[in-house]
Structures are given as C-alpha cells and as structure tokens.
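Here is the structure we will look at.
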Amino acid sequence: MKKKILVLIFFFELFMLASLGVRGAWAALGESVESIESDGKMLSAVKVTSKPMSTARANYTIYQLEYDGTTVREYASPSGIVFGIAWNGLVNPDLTALLGTYASEYHEALKQTPRKYGERHLEVKAPHVIVQKWGHMRNLQGRAYAPDLIPAGVNVDEIK
Amino acid sequence: MKSNRIPSKTFLQGGLITITVAIVLLTLGVSQANAQANLVETSVTNPPATTTEKGHFWVTDTVQNQGNTNSSPSVTQYYFSTTGTKDTGILLSGKRSIGILKPGQSSRGMAMVTVPLQTPIGNYYLLACANDTNCISSAKTALLTAPDLVETLVSDPPGSVSTGDSFPVTDTVQNHGNKSAPTSITRYYLSSTGDKDSGAILLIGKRSIPSLTSGNTSTGTVTVEIPFGIPEGTYYFLACADDTNKIAESNEENNCKASSTQVTLPLPNVLQITVNGSLCSANSYLNKPCVRVAVCTPNTTNCQTIDDILLDTGSYGLRIFKQALKVSLQQEMIGSAALAECVQFGDGSSDWGLVEIGDIILGNEPVVKVPIHVINAAFGIRPQPCSNADTSPAEAGFNGILGVGPFAPDCGPQCTSNPQNRLYYACSGGICRGTAVPLSSQVSNPVASLSIDNNGVIVEIPAVPADGSTSVDGQLLLGIGTRSNNIPPASVISYPTDENAEFQTIFNGQTLQSFLDTGSNGLFFPALSSLPDCGSIYGPDYSGWFCPSSTVDLSATNQGASGSPSGMVQFEIGNFYSLINDNLSNNVFPDIGGGFPDGIDWGIPFHLGRDVYVGIENTSSTLGTGPYWGY
C-alpha cells in the first residue's frame, strides 16, 4: 500500500514539477507553502535533504520531504497554508522548526503533559496545536496539526 | 704336534699351589681390614601413649659400638612404624648425632622428635636406628590421633533455582576426632552424584567455623549463590567441612554431607519474567514485565546481575542506566571517536549515552559479547533528538531495557552508510557528530548472538483474572525449537512482519499496521465511540485510557505483512479507572487499553495467557524465517 502511494507521489512530483513548478518547498505549520518557497533562511535552518514531492487531494495538497532521515509530509490547504504535518522514521524530527510559531506553546504544553509510563504514544494538547507521537523502534511516527486551520471536510486521521 | 699343545703336568701343579697360597694370604688380609665398628641400638624409650600429627616428644636411646674398632661419627634417626620395622616406617623429624665410639662403648642420649603431617591415624612403634641402619623398636606403641571435622546436618535446598539466585543454608559441623580442631572454612557445592567429585560445582558463599574441641559442634546459616555457567540438571546440595583442607584430619574422606532432597536447575535458555513481581523495582507502573540480566567486564568473570530490566519485544538491544552498572565495559569506537547513541521511544522519551561492549549472560546461557547502550544523560553534549533524555532509572521507570524484538541490530541498514541517521554519534571530547555505524557495532539484541538459541524468543506469561492480579510470573525462553523446552506446538501460527516488525490488523473495517510489544502496558488502537477516553470523565490523570461504562468485547483479525496468514483475536476492554481503583493492590490487568492514532499496539494484555513467539530476522525455525510474530 505504502509503495503504491510512493509511486503515485513520484508521478505527481513529476507532474507538479512540470506543470506547477513546485521546487524545494518547505513551510512550518501555519505558514504558506508559497511564501516559504523563496525563504532561503528557513530552508537552510531545517536541512531539507531531498527535493519535496507533492500530491494533490480533493481539498489539500501533501508535500513530502526527507528531513534528517525522517520522512515528513506537510498537508497544505488549497490556499497553501500548512495545517498539518506528519512524519515517520528512525527518530522524530525537531518540532521546533516544523511547528514554527506554534513551537513555544507546544513546548509549554509538553512540560505540563505527565509522562505515560509503559506507553508507545504521546499526545500533547496546546491551545492551538495538537502533537501526537507514537510507534516503536525503527518506525517512530507522529503528527502535528492546528485544528483551527484544518479545511472543512478534512478528517484529522487523514494526516498520517 | 699334539704334545706341543698340552702344558706339562708339573707346570700345572706348581701353578695351582701358587694360586691357593695367594687366596689364603688375601683372605687373611681382608680379615684383618674387616675388624670394624658395629653400631647397634640397645635401648629406646617408649613413645607417649597418644600423639598427633606435628606432635613432638623426647626419645632416649642407647647406641653401642659392638665392633672391634672405633666407629666414625654417626647419626641416629627415628621412625614411626606400625609393624616395628624400618621398611614400613615414617621418618620423624629430629635426630641424634653420635661421636666416635670405641669398641664396646655406648652412647645414651635424648632427641626431640616430631610426627610429620599426613601421618595416618594408627598405633605406631617408635624405632631408633643407629647410623640409620640398625634399629630397635619400642616395646609400646603410640596412638596417633587427629581432629576429624564432619558435617552432621545440612538443610535442604529449594526445589528449583536459577543461576544467580541466592538461598540460605544451615549446616552443622562436628569434630569427631579426639583432638581439637583449629578454625576452618565450610564451603558448599552442587553435585549431581551427591559426592564432592570432579563434577561438583562450588557455590558462592562460605562459613567460618571456630576452633572445635573434640565432640563439639558449630551450627550456622549463610546465604549461598548459584554461579553462572552451571549445566541444567538435578543436583544434591553439599556442605563440606574444612573445605580449604587446612587441617590434617584423621579421616579426610568424611568432610561432606549431601542434602536429602535435590535442587533442579532449569535448561540454560530460561529467564524468569515477573510482571510487577520480585524482579521489578518497587512502585513499578502497571503491567511492567521485568527480567534479570548479568553483565560482565569483557573477557573477565567480573560480573553483576541487574534486575528491573524491562522486557521489550518492541526494541532491539540491551540498554542499562549507568547508575545501575557497576562493572566496567569496553568503549565501542568509530575510528578514534567514542560511539554514542540517542534512541527515542514512542512515548516521546529518549535515552542517550555511550555504546560499550559487554559480556552479557541471559539465563544460564554462555556469555555473548555485544554492544550495549549505557544510558547516561550527563555524557557530553546531547544532540537535539535527545534533548529530553532520561536522567535516571526513577525517571525512566526501569534500570534498563532488554530489547528482544525480531531484529538483531537496533537501527539496521539505515544507519550503516548515512551519518545523518540521528541515532548514532561519534564523540571526541564530549563533542558528538552524526556517524554511520556498521551492523556489528550497533547496539544489538543479545539473543541473536547466542550460539544455539539465536533464532528468537518465546514470551510465556500466564493469564490473570479480569479484575487483575498483584503480580504474575512467567518465563522468557530463548530459541524456538532449539531445545526440549521451546518446541512450538502445531497450533502456533506465525505472521511474517515487514522491515519495521509490523504486520497487519483488520479492525473496525480498517486495515492497520500493528505490532506486538511487551514494552507496552496496554492494548492501544484507534478509539471507538463505545470507548470514551478516561480523561474526559475522570480528569487528565487518566487520559489516554479507555473508560467504557461496561466491559466491551472486541475482535480483530491479524494477518502477515503481505496479507497472510490471518487469524482472529478476541479481547476485552474494561473501564481503566474502575479497574485500577477498585483493585488497589493489583498491578497486572488484562483488559486495559487506550487510544492510538494510527495502528494497533498489542501490549502486555495480549500476552497474558498467550505464548508469543518472536522470530529474529535471517533465522529460521519450524515457524518460518524471521522476522515474524507467532502465537
């Protein structure tokens, strides 16, 4: 199933590169994909290690990139705003960069979140962002989303 | 011609006469020279009626020169002999020097003699031997006595023990000899025959016995420990008096006494699992499976056992907090830099520290040498993924983790060429940078390094009642189908996994990625409307767990990573809040679960009452080729 998606993504990338001119796009949660495309400062800060790929859905676009060995998928609304981020890989990515302006409230909420001994998942609920981590060795996963930014008709569970 | 060949008779006769005269003269001459001294013992005193090894006493004896010329100076030696003859005698230390004796002259004198060690008990004549040749025997004998330490009582051992276990023993030593025994050491053995033979195994622990006068006893209790490396089997327990053989005893064959009952040591591939039991630290979190491992300085017998190690089929490799580690290990190097690792777990926690090579003992298996992770948040400058690294066993909830999932190295091929893998770091002077790491240097599941039992593990934990149990003990068997105790029954189905140790579960109409994990303490899966989160009812302390109004029966279908085989699993989810608060003394619960964003985590409740087989990658068993989960 995953392989099929990847193949799909690859062809969409070709399509997007050709028709839409998407290249090297990366944006933090809540930011605009379009605006970040030209933001060389942010790009260097997060060390995107491969070209992002994108695929279009009915009411959002997924941009996939490799980020320090972790596969990160950004969910952008039709207006280009990143409303959700999902990832999986050997380690969780550095959320400080990925969460952008939401990072400080995430870190504050993380401090208030009690440790869940014996569990393989974590949910951090901040006022404007929710971060979930789960998984096990060799396949750590997670997602972060800003509930206020989720386009109508999009289920949170689609961010994965 | 003929006459020429025969000498004349006259010549012959004359020659014979000449020879005869010469012989007579020679004989006379010898007779004159043989007028020599002849030293003879004419008296010796009796020895004391009793003596002991190292016992000493005075001897008075008389030597007379019964020859016809002066004797040379000589030495008189003394012997103990049970027969009265020197050829069976035991030389006593002590002698008497005799000067020149004229013919007929006697020398009467005294000498102090000492009975040597190792002289057997018995009745001995005292011999005095002039010039160590001509002996006289005493009229009476000396009885040689000695202490004789005998174990008269030994307590019975437990019915079964594992290596590394300790148990108390009580024994009594009595001196059956007729002489006081000085202080001695009693030691303890396991023996399959009941005798202290070449196969007897010395246990750790000993008892110091005070000096015992004849007939007296010493009773005491000590704790003995079963060392590692003992073959499985059934043994008698032995207590052996004067086991360092410090005392010369009249009977050296009666020091040991065997227990009346025997103790069984299991096959070497067994580790005890206690879920919230004796191998777990106090106040452990719910549903926590604990094991014991032994860690040794490489290539030495400098070992320690460490309890409160989380048994985790959801990870690979042994990780131990530096605070719990007493033995020194050998640093794993990448070139001239020290190898360090940062691992993250699904709950968002992380562990940081050096990778060091240790000799690991699992159960009673032979030592395996593997890189292990020494968790130490204080080491060097932590990289970003370990910014929240656990600082102590108390913070983490365990002394360490034994990762026995279906892979050998913890990272695998993803870390062998990419230095930016964000798990492994090469550190110099506390400054660390990302590094690629060959598989052989990665922290690795020690089971995969065993010589025989390297193809996986079996987790066996009994079922517990729905309202829980204080604790439950099970076992981890190493190897699948490698010994008499780990052969899978035909009913076991194995499910191949993907490269992340995941298979699939069809649940609530969805096909989800899933995994088995003893390191998870509940059943975690995407929430259903019938399973509200406890946090919404009972507050944030309970969030993450399901709190249905009554227990919900559920089922799911597990299948291999590529769709087959498949099999149904039935399970129950109860109200977490009620279960734990209505059963405050219980720590192990079979019906607890909570939400999981995507996928299913089959934690400890899945394992209660179900033997789970974990097949390691690139190995095979009758269940197939790993990686797989089986049950």
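The values are calculated or read from the model by the stated rules, or taken from the named source; none is laboratory data. This structure is a prediction, so every number in the text was calculated from the model and none was measured. Cβ sites come from the backbone with ideal geometry, for glycine too, and all protein chains shown count toward neighbours. Calculation scope for accessible area: heavy atoms of the full protein, side chains included, ligands and nucleic acids excluded. Shrake-Rupley method; radii C 1.70, N 1.55, O 1.52, S 1.80 Å.
Count the net charge of all other residues whose Cβ sits under 13 Å from the Cβ of B:Val169, scoring Lys and Arg as +1 and Asp and Glu as -1. Local net charge: -1.
Per-residue extension of 0.36 nm, minus the Cα-Cα distance of B:Leu202 and B:Asp132, leaves a gain of 20.6 nm for this segment.
Looking at the protein assembly as shown, the DSSP beta bridges with both ends there are about 90 percent antiparallel. Helix-only arithmetic for the protein assembly as shown: the sum of -39500 (n - 2.57) across DSSP H runs with n ≥ 4, divided by the residue total, places the mean residue ellipticity at 222 nm at -3000 deg cm²/dmol. Rg/Rh, computed from the Cα trace of segment B:519-558 with Rh as the Kirkwood radius, has the value 0.98. A crude spin-label estimate for the pair B:Thr170 and B:Asp541, with each label 7 Å from Cα along the Cβ direction, gives 4.6 nm. Taking Cβ atoms as reference points and 13 Å as the exclusive limit, the residues near B:Asn364 contribute a net charge of -2, counting Lys and Arg as +1 and Asp and Glu as -1.
Its residue count N fixes a reference of 2.2 N^0.38 Å for chain B, and the Cα radius of gyration divided by that reference is 1.62. Please check which bits of segment B:95-117 a label hung off B:Asn70 would reach, taking the label as a point 7 Å along Cα-to-C-beta and the cut-off as backbone N under 13 Å. Zone members listed by number: B:99-103. Summing charges over all other residues whose Cβ lies under 14 Å from the Cβ of B:Tyr79, with Lys and Arg as +1 and Asp and Glu as -1, gives -1.
Spin-label pair B:Val327-B:Ser451: with each label point 7 Å from Cα along the Cα-Cβ axis, the two points sit 1.8 nm from one another. Note on segment B:270-449: with neighbouring protein chains present and a 1.4 Å probe, carbon and sulfur make up 53 percent of its accessible heavy-atom surface.
Segment A:92-160 and segment B:278-304 have Cα centres spaced 34 Å apart. For segment B:149-265, the mean projected area of the C-alpha convex hull, equal to one quarter of the hull surface, is 6.3 nm². Computed from the C-beta positions of B:Thr85 and B:Ala35 and an R0 of 30 Å, the FRET efficiency is 0.55 to the nearest 0.05. Compared with its chain on its own, segment A:103-126 contains the following residues whose accessible area drops by 50 Å² or more in the full protein assembly (probe 1.4 Å; ligands, DNA and RNA excluded): A:Arg115, A:Lys116, A:Tyr117, A:Gly118, A:Glu119, A:Arg120, A:His121. Counting 0.36 nm for each residue step from B:Ala49 to B:Met568 and taking away their Cα separation leaves a gain of 177.9 nm. Where a ≥ b ≥ c are the square roots of the eigenvalues of the C-alpha gyration tensor, would you call segment B:463-630 rounded, which needs a/c under 1.5, or, failing that, prolate if a/b is larger than b/c, or oblate? Because a/c hits 1.5 or more and a/b fails to exceed b/c, segment B:463-630 counts as oblate. Spin-label model, B:Ser93 to B:Ser585: label points 7 Å out along the Cα-to-beta-carbon direction sit 6.8 nm apart.
The value given for segment B:39-144 is a Kirkwood hydrodynamic radius of 13.6 Å, derived from the mean inverse Cα-Cα separation. Just so you know, the Cα atoms of the protein assembly as shown work out to an Rg and Dmax of 43.2, 159 Å. The string of couplings for segment B:57-65 from the Karplus curve (6.51, -1.76, 1.60, θ = phi - 60°) is 7, 8, 10, 10, 9, 10, 10, 10, 8 Hz, one whole number per residue in order, with x for Gly and Pro. Compared with the dominant principal axis of the Cα atoms in chain B, helix B:9-33 is inclined by about 70°.
Of the residues B:Pro210, B:Ala466, B:Ser336, the one whose Cα sits farthest toward the positive end of the charge dipole of chain B, with +1 on the Cβ of Lys and Arg and -1 on the Cβ of Asp and Glu, is B:Pro210.
If you take the accessible area of B alone, add that of A alone, and subtract the area of the pair, what total do you get in Å², probe 1.4 Å, to the nearest 100?
When B and A are taken together, about 3600 Å² of accessible area is lost.
Summary: within chain B, the longest segment free of trypsin sites (Lys or Arg not before Pro) located in DSSP loops with at most 16 other C-beta atoms within 10 Å is B:327-609.
Can you pull a Stokes-Einstein diffusion coefficient for segment B:293-412 at 20 °C (1.002 mPa s), Rh from Kirkwood over Cα pairs, as a whole number of µm²/s? If you can, show how the numbers build up before the last one.
Values: Rh = 14.5 Å.
The diffusion coefficient I find is 148 µm²/s.
Between B:Ser417 and B:Lys140, the contour length at 0.36 nm per residue exceeds the Cα-Cα span by 90.5 nm. Please list, in order, the residues from segment B:395-413 whose amide nitrogen is less than 14 Å from a point placed 7 Å along the Cα→Cβ vector of B:Glu499. Taking a point 7 Å out along Cα→Cβ of B:Glu499, the residues of segment B:395-413 whose backbone N falls under 14 Å are B:411-413.
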